[in-house]
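No value in this document is a laboratory result; all are computed from the given coordinates. As the structure is a computational prediction, the values presented were derived from the model and not from experiment. Because the Cβ atoms are built from the backbone with ideal geometry, glycine has one as well, and the counts that use them run over all protein chains shown.
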Amino acid sequence: MSSTIANSESVQRNWYVIDAEGQTLGRLTTRIASVLRGKHKPTFTPHVDCGDYVIVINAEKIVLTGNKLDQKHYYKYSGYMGGLRSWSARQLLDTYPERIIEHAVKGMLPKNRLARQMIKKLRVYAGSEHPHEAQQVTDFPSYL
């Protein structure tokens, strides 16, 4: 028996599209993070970016359970005194719904240079249209 170790030349990447309408934020983003890392493939190698591209549509229709819309806050610090800004999840969902999903997925990836490559394969759109029809996009499999 032999183990296969993937390298950057042998990785086959697919494009998946997932509809976020009515789905819970945490459950959706764990599936997305797993596909971005490539853990669904039998040739998964931790030190190689072997994941696939993921397109998320209808980001404004994501569901947050409980009181998270009003109690969960997102922060941005400019580095200057008094430069801490915060938004509730409701405010962020109304203005920039893509950032909620991007922030959640980024927190589920490892904290290294490889994760910065992986997050570039995520495309999030607020509406139901996306400009990636040329990439032969397939639907997100239900078993992932």
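What the table shows:
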quantity	calculated
Degrees separating the helix 97-108 axis from the principal Cα axis of the chain, which is the longest one	50 degrees
Descending principal axes extents, the chain, alpha-carbon based, whole Å	57, 35, 29
³J(HN,Hα), Karplus 6.51/-1.76/1.60, whole Hz, each residue of the stretch 127-140, x for Gly, Pro	x, 9, 10, 9, x, 10, 5, 6, 8, 6, 6, 10, 5, 5
Overall dimensions of the stretch 34-100 as given by Cα atoms, namely Rg and Dmax in Å	16.8, 49
Relative contact order of the chain, defined on C-alpha pairs under 8 angstrom at six or more residues apart (%)	32 percent
Of D52, D19, D70, the one that fluctuates the most in a GNM where the chain has Cα springs shorter than 10 Å	D70
Near-label residues of the stretch 109-132 by backbone N, under 16 Å of a point 7 Å along Cα→Cβ of V11	109-123
Candidate lysines - alpha carbon under 23 Å from K111, same-chain residues fewer than 8 apart omitted	K39, K41, K72, K76, K120, K121
Degrees between helix 25-37 axis and first principal axis of the chain (Cα, 0 to 90, nearest 10)	30 degrees
Hull volume in cubic angstrom per residue (convex hull over the Cα atoms of the stretch 60-140)	148 Å³
Förster-model FRET efficiency, 35 Å R0, D94 and E133, C-beta, rounded to 0.05	0.80
Whole-Hz couplings from phi, Karplus 6.51/-1.76/1.60, listed for the stretch 49-55; x for Gly and Pro	7, 10, x, 10, 7, 10, 10
